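Encoded as structure tokens, the structure appears first; notes follow it.
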Amino acid sequence: MLRALFYKEWIKLRWPVAVLGLLGLASLLQAGLSLRYLATMREGVDLWEGLILKQQMPYGGHLVFPMVCGLVMGAFQWFPETRKRRLRLLLHLPLAETVLIPVVVATGLLFVFFVAGLHGLGLMMVYALRFPHEIVAGLAWAWLPHMLAGMVFYCGAAMVLMETSWWRRIMGACLVYGLVTMLTSGTQPAAYAQSAGAYVLVTLTLALMLFLPVMRAKRGGGV
């Protein structure tokens, strides 16, 4: 049954995975070309000064990709399940909701991490071709909170789609906005290094909150 459930989720997510994979590849190509252009147009001293002293990180725009992955995966996975109260039909599968919902959520988060993780690894490899370990390590620390923000976006999309009350949707969107702002507002690459574990726990807590609309759907609605 679990294999069939995983296959059902894969059917919904295969096209978003393919499209996001192509977008990620295009992002890596653009990153490589941009680095080549910077190395050609700027002298080595100016480039190093911008990277190390001024903290001008040219990879900043590429860090949005995990958030795009989370939002798209969450929307494509949960929109079909929540139209016309189909979530209640999902709960009638011969699996307890304590198993069913974690499997579905974990499948979506797995694909988010897979696509965004490959993109992040590729981005580090692109920068490792021209810069030392310290710059690549800074990129990794800058990528981590954006990866968590992508998972927050996934959970937020699922929460907003599962809720039937507009005020709960608005509250959920505000919560997601606050968490994403907290995760992506750092100005230094390693700003979250000391508290990465706490942010991971907060993200996992948001995933657990998805049980709330599920329980309401099982009861038939209400507060």
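Roll a 1.4 angstrom probe over the protein heavy atoms and tell me the percent of accessible area of segment 135-189 that is carbon or sulfur. Roughly 76 percent, rounded to a whole number. With both labels modelled 7 Å from their Cα along Cα-to-Cβ, the residue 7 to residue 173 distance reads 3.8 nm. Phi angles of segment 127-142 translate, via the Karplus equation with coefficients 6.51, -1.76, 1.60 and θ = phi - 60°, into HN-Hα couplings of 6, 5, 5, 10, 10, x, 4, 4, 5, 5, 5, x, 4, 4, 5, 6 Hz per residue; Gly and Pro are given as x. Based on the reciprocal of the average 1/r between different C-alpha atoms, the Kirkwood radius for segment 1-40 equals 12.3 Å. In this view, the solvent-accessible surface of residue 211, computed with a 1.4 Å probe and all protein chains in place, comes to about 60 Å².
Here the Karplus relation 6.51 cos²θ - 1.76 cosθ + 1.60, evaluated at θ = phi - 60°, turns the backbone of segment 96-101 into coupling constants of 5, 5, 5, 9, 4, 5 Hz, with x for every Gly and Pro.
Modelled this way, with points 7 Å down the Cα-to-C-beta line, the labels at residue 23 and residue 198 are 3.2 nm from one another.
Residue by residue, segment 3-9 carries 3J(HN,Hα) couplings of 5, 5, 5, 4, 5, 4, 5 Hz when phi is fed to the Karplus relation 6.51 cos²θ - 1.76 cosθ + 1.60 (θ = phi - 60°); x denotes Gly or Pro.
The values are calculated or read from the model by the stated rules, or taken from the named source; none is laboratory data. Source: prediction; values computed, not measured. Neighbour counts are summed over all protein chains in view; Cβ atoms, including those assigned to glycine, are modelled from backbone coordinates with ideal geometry. Heads up: the accessible areas ignore ligands, DNA and RNA and are worked out on the full protein's heavy atoms, side chains in. Shrake-Rupley method; radii C 1.70, N 1.55, O 1.52, S 1.80 Å.
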